[in-house]
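Enquirer: The structure that follows is given in the form of structure tokens.
The values are calculated or read from the model by the stated rules, or taken from the named source; none is laboratory data. Note that this is a predicted model, so its numbers are computed, not measured. Cβ placement follows ideal geometry from the backbone for every residue including glycine, while neighbour counts extend to all protein chains displayed.
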Amino acid sequence: MKTIKAIFFGITTVILTSCATAENAGETEYYDPCNDEKFSFLTILNATNDASMDFYIDGRYLATVAPAGEYFLEQISLGYHEVEARESNGFRAWIQDIEVPNPCEDIIVELGG
């Protein structure tokens, strides 16, 4: 009787284990932050050769960038944004509206040229 119970227990364990393995086979959990959290990437280029620029997005100051330099924004939300570059001396300014329609895109904006 003990032998029959042991065999039955062994067979049941094998069947249940194989079912659990088959059910999870092919499922891989992969976390893609830009797709899951819905954002993209933005690079703003200072296209001038002679002036440092103050960069803004949606009215918020980002950084001052040297001539021919660039600023990388790692996470920009989807939708419409206003990107602005002002010469540090306040003499000239450039404004460009951009649309970020899809997550995980690399968007490049060149201002000052």
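Enquirer: Take the residues in the range 73-86 that are surrounded by 12 or more Cβ atoms within 10 Å (Cβ to Cβ) and not aliphatic (A, V, I, L, M), then tell me which one is farthest from D97 (Cα to Cα).
Expert: That would be Q75.
Enquirer: Collect the residues in the range 41-64 that are closer than 14 Å to N89 by Cβ, in a strand (DSSP E or B) and of a type in the set (V, I, T), keeping them in residue-number order.
Expert: T64 - this is the single residue of the range 41-64 that is closer than 14 Å to N89 by Cβ, in a strand (DSSP E or B) and of a type in the set (V, I, T).
Enquirer: Return the residues of the range 16-55 that are of a type outside the set (D, E), loosely packed, with under 10 Cβ neighbours inside 10 Å and either at positive phi or at pLDDT 60 or above (or both); say none if nothing qualifies.
Expert: If the condition is that a residue be of a type outside the set (D, E), loosely packed, with under 10 Cβ neighbours inside 10 Å and either at positive phi or at pLDDT 60 or above (or both), then G26, T28, Y30, Y31, N49 are the ones that fit.
Enquirer: Residues being in a strand (DSSP E or B) and touching a Pro at 6+ places or on another chain (Cβ under 8 Å): count how many of those fall in the range 77-94.
Expert: Initial filter on the range 77-94 (in a strand (DSSP E or B)): 77, 79-87, 93-94.
Subsequent filtering for residues that are touching a Pro at 6+ places or on another chain (Cβ under 8 Å) retains none.
Total satisfying the criteria: 0.
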